[in-house]
Amino acid sequence: MSYKELFNVRGKTALVTGARKGIGFAIASALAEHGANLIVVSSQQTPNDELSKIAAHHGVTYTTFACDFRSRQETLDLIEKVKNLKIDILINNAGLANRAEALDHTDDLWDQTIEIDLTAPFILSREIGKGMAQRGYGKIIFIASVWTFLGGKNVISYTAAKTALAGLTRGLSNELLPMGITVNAIAPGFIETDITQAVRKDSERVNWITGRIPKGRWGQPADLAGAALFLSAPASDYVSGVVLAVDGGFLAN
């Protein structure tokens, strides 16, 4: 393969969950700019105007589906809608962080988080992976977290789900890589998104976190785009079972 083809995803189709904004939007935009057709899944089916313009500008298709991943039935219904589509790249990005102290963390908060952050990504990977296996090619990417490696605070269900994603990444890789499917995860550090909005209101905690980031700043969603493109493209064909931290050096400090 020519080196210039390493990051070529033109003609591939990527399904990205939670792509209307934040990390999902940045990843979907990068894939579209590099030629991938987009299937965007969010709680609302209304197209994101900016993302649809990016897709149109780069001559790729843009399809939307609505799914509330808190509902197992909606996840299964989504599978029925997309099962006959040729999906080459699956980005499991949609996530939820319910914040409460562990001793006050209710069963409902736990169940919501585990369903969205762990169960839905597994079901999507299992079912979409079947089509990938038949074609002998696929890229599955989970969005994990720095809490995949650390304990966190007041996000016990989120930490549990994101930690489990690391095991899911490795386990699926062992089974699917012989079928031509790579399975990896990206662990974002502290990124300025809706999920971190509550933390960013605490100036003392923000100062502590920023002081521990060697890069000297919080991340932006666009900081995840390069890692996602790498793991979606031929450049990563020999990379699987990896949880790649994109955190400005936070975990190494």
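Things worth noting here:
- All positions within the stretch 9-33 that are of a type outside the set (Val, Ile, Thr), part of a helix (DSSP H, G or I), open to solvent by less than 20 Å² (accessible area, probe 1.4 Å) and within 18 Å of residue 117 (Cβ to Cβ): 24
- Contacts under 9 angstrom Cβ, first residue in the stretch 239-253 being farther than 16 Å from residue 184 by Cβ and hydrophobic (A, V, I, L, M, F, W, C), partner open to solvent by less than 30 Å² (accessible area, probe 1.4 Å) and outside any loop (DSSP other than H, G, I, E, B), 6 or more apart: 250/146; 250/209; 251/146; 251/187
- Positions within the stretch 37-69 being among the β-branched types (Val, Ile, Thr) and open to solvent by 70 Å² or more (accessible area, probe 1.4 Å), in sequence order: 46, 61
- Scanning the stretch 113-151 for residues that are over 23 Å from residue 242 (Cβ atoms), open to solvent by less than 50 Å² (accessible area, probe 1.4 Å) and of a type in the set (S, T, N, Q) gives a single hit, 113.
- Residue 181 vs. criteria open to solvent by less than 40 Å² (accessible area, probe 1.4 Å) and touching a Pro at 6+ places or on another chain (Cβ under 8 Å): no
- Failed item, numbered, when residue 156 is tested on (1) within 17 Å of the chain's Cα centre (by Cα); (2) under 30 Å from residue 207 (Cα atoms); (3) buried (at least 19 other Cβ atoms within 10 Å of the Cβ): (1)
- Looking across the stretch 28-44 at every residue that is of a type in the set (A, V, I, L, M, F, W, C) and over 12 Å from residue 54 (Cα atoms), the one that is farthest from the chain's Cα centre (by Cα) is identified as 39.
- Some residue of the stretch 220-227 being under 18 Å from residue 120 (Cα atoms) and surrounded by 14 or more Cβ atoms within 10 Å (Cβ to Cβ): no
- Residue within the stretch 78-86 that is farther than 26 Å from residue 136 by Cβ, part of a helix (DSSP H, G or I), open to solvent by 40 Å² or more (accessible area, probe 1.4 Å) and of a type in the set (Asp, Glu) present: no
- Given (1) of a type in the set (A, V, I, L, M, F, W, C); (2) surrounded by 14 or more Cβ atoms within 10 Å (Cβ to Cβ); (3) farther than 25 Å from residue 235 by Cβ, index of the condition residue 198 fails: (2)
- Any chance residue 167 is of a type in the set (Gly, Ala, Ser), within 20 Å of the chain's Cα centre (by Cα) and surrounded by 14 or more Cβ atoms within 10 Å (Cβ to Cβ): no
- Restricted to the stretch 206-219, and to residues there that are in a helix (DSSP H, G or I) and open to solvent by less than 70 Å² (accessible area, probe 1.4 Å), the residue that is nearest to residue 250 (Cα to Cα) is 212.
The values are calculated or read from the model by the stated rules, or taken from the named source; none is laboratory data. Since this is a predicted model, take the numbers as computed values, not measurements. Note that each Cβ is placed from the backbone with ideal geometry, even for glycine, and that neighbours are counted across all protein chains shown. Heavy atoms of the whole protein, side chains included, go into the accessibility calculation; ligands, DNA and RNA do not. Shrake-Rupley method; radii C 1.70, N 1.55, O 1.52, S 1.80 Å.
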